[in-house]
Amino acid sequence: MSAGLHPARIRRIHNMYNTLYQLFWYFLIYSFAGWCAGVIYSAAKKHRFVNTGFLNLPFCPIYGFGGILFTIFLSELKSNLFFLFIGGIILSSALMYITGLLLERFFQRKWWDFSKNRFQFEGYISFPLAVIFGLLGVLCIRVTNPLLLTLLNLIPRWIGRIILLAALILLTLDFVSALTAALQLKIRIRRLNEMTQDMQRISDSFGNAITGRIQRRMMKAYPNLEASKLLAEQAETKKTQKEKAEKETFAKGCGFYKLTALSFIGAFLGDVVETIFCRVTAGIWMSRSSVVYGAFSIVWGLACAILTALLYKYKDKSDRYLFICGTVLGGAYEYICSVFTELAFGTVFWDYSDIPFNLGGRINLLYCFFWGIAAVVWLKGIYPFLSGLIEKIPKKAGVPVTWLLIIFMICNMLLSAMALGRYTQRQSEPQAQTTWEQFLDSHFPDDRIEKIYPNLKVVD
């Protein structure tokens, strides 16, 4: 019992270390392989060497993160080629979309653009490319990962640690260097644009000085021009007033504040709907909350925000289109949430193993259809109504209240995660060893946790 640690805790730390060791190696190897693939493709297309990565070193991190996502979320689908392929498409598409969106928001430039392609989404995702990544997902789980694991086991662990540490330090330094260069480039482009605008204003002022006298002479000669000018000025004034009103409106459009407000509302409504559903189908009142304080289902709240962000531009499409999108996205989202909670907390919050057409007990076809129906009802009926109500909130009150709710929910989720982690730990290590564990044991004992999460199951 070195250092006084419980044997169960020692095993958990050892397993976590081994897992992180493997994942970091996967990240490096797949980052390098992705960089090589990009260079080869560019060389074949442009007949010259081009470093297609963001970094100076021969690594492309997006491929490394893709390899990690495949490993974490798709490993248990190894025996099911179809769902393994579909999972690879969904995960790679989500990674391309989120990465492309963040890069554009940060640098105000698109790093890749598939807008001219026939099958694409928002310019960030190319569906033919996503299909290729789906095949690579199958290759990763069925062939590459087992091979890499065998090769890693041949390397002495202490040598592997040194190589890994050195590579991660170099990657960090290279990332900081590349980010600094990109920010400097962004500043230069902005300054160049400002200089261009200043030159345009000087040119306009000079031109107005010349044309002003000509315009006054023409209006004296043709009085109707004065009336036309007045109407144009009135139209411009109305336009300015409208733009000012839109700026003063809280959560206009589909931005951060609107999505945040919808996530809170969706979390509450999701908890209420699930509670009533359990009462009607099972005949009992059952807590469906995701957190220890408040009736909030985080899964539903995030789903409302993500669904709105992805399908906002397509809300006027047919019900069939939204149903199919909701079915696929909802099923993938629920599956990812199930895997994440099991890996993070060692617990399962729902299990559909007894329902026909299920996938690993994590999702089932019937509930995927419910996601599709929910998407149609949300975008066609509930969202327009809630959007109008949110926009009526005064901006001076809406902004600070939103941030207070965000802080409250972050603290609530962190405390809930620690309480769940301690609950799982108590099953093999009931005796608290730290002051914080004693606090969790006294405020969140097993009976309280099991009341909040009645379907909770501890897994290995």
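Bear in mind that the values in this text are calculations on the coordinates, not laboratory data. For clarity, every value in this text was computed on a predicted model and none was experimentally measured. Because the Cβ atoms are built from the backbone with ideal geometry, glycine has one as well, and the counts that use them run over all protein chains shown.
Computed quantities for the displayed model
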item	result
Share of pairwise Cα separations in the range 358-459, more than 15 Å, in percent	76 percent
Highest-first arrangement of 148-158, 396-406, 411-421, where packing means the average Cβ count within 10 Å	411-421, 396-406, 148-158
Where labels lie 7 Å past Cα in the beta-carbon direction, separation of R142 and K380 in nm	3.9 nm
Distance violations [Cα-Cα > 26 Å] among K110/K258; K252/K315; K317/K396	K317/K396
Rounded to whole Hz, the Karplus (6.51, -1.76, 1.60) HN-Hα couplings of the range 426-440, x for glycine and proline	5, 5, 10, 9, x, 7, 5, 10, 10, 4, 5, 5, 5, 4, 5
In sequence order, calculated HN-Hα J values of the range 261-272 (Karplus, 6.51, -1.76, 1.60; Hz; x Gly/Pro)	4, 5, 5, 5, 5, x, 4, 5, 5, x, 5, 5
The range 98-117-the range 294-325 distance, computed between alpha-carbon centres (Å)	22 Å
Cleavage-rule hits, chymotrypsin sites (Phe, Trp or Tyr not before Pro), the range 27-93, DSSP coil, Cβ neighbours within 10 Å at most 15	F49
Cβ-derived FRET efficiency at R0 45 Å, V399 paired with I324, nearest 0.05	0.80
Under Karplus coefficients 6.51, -1.76 and 1.60, residue-wise ³J(HN,Hα) of the range 63-69 in Hz, glycine/proline x	6, x, 5, x, x, 5, 4
Amide H partners (placed H, <5 Å) of Y293, local residues excluded	none
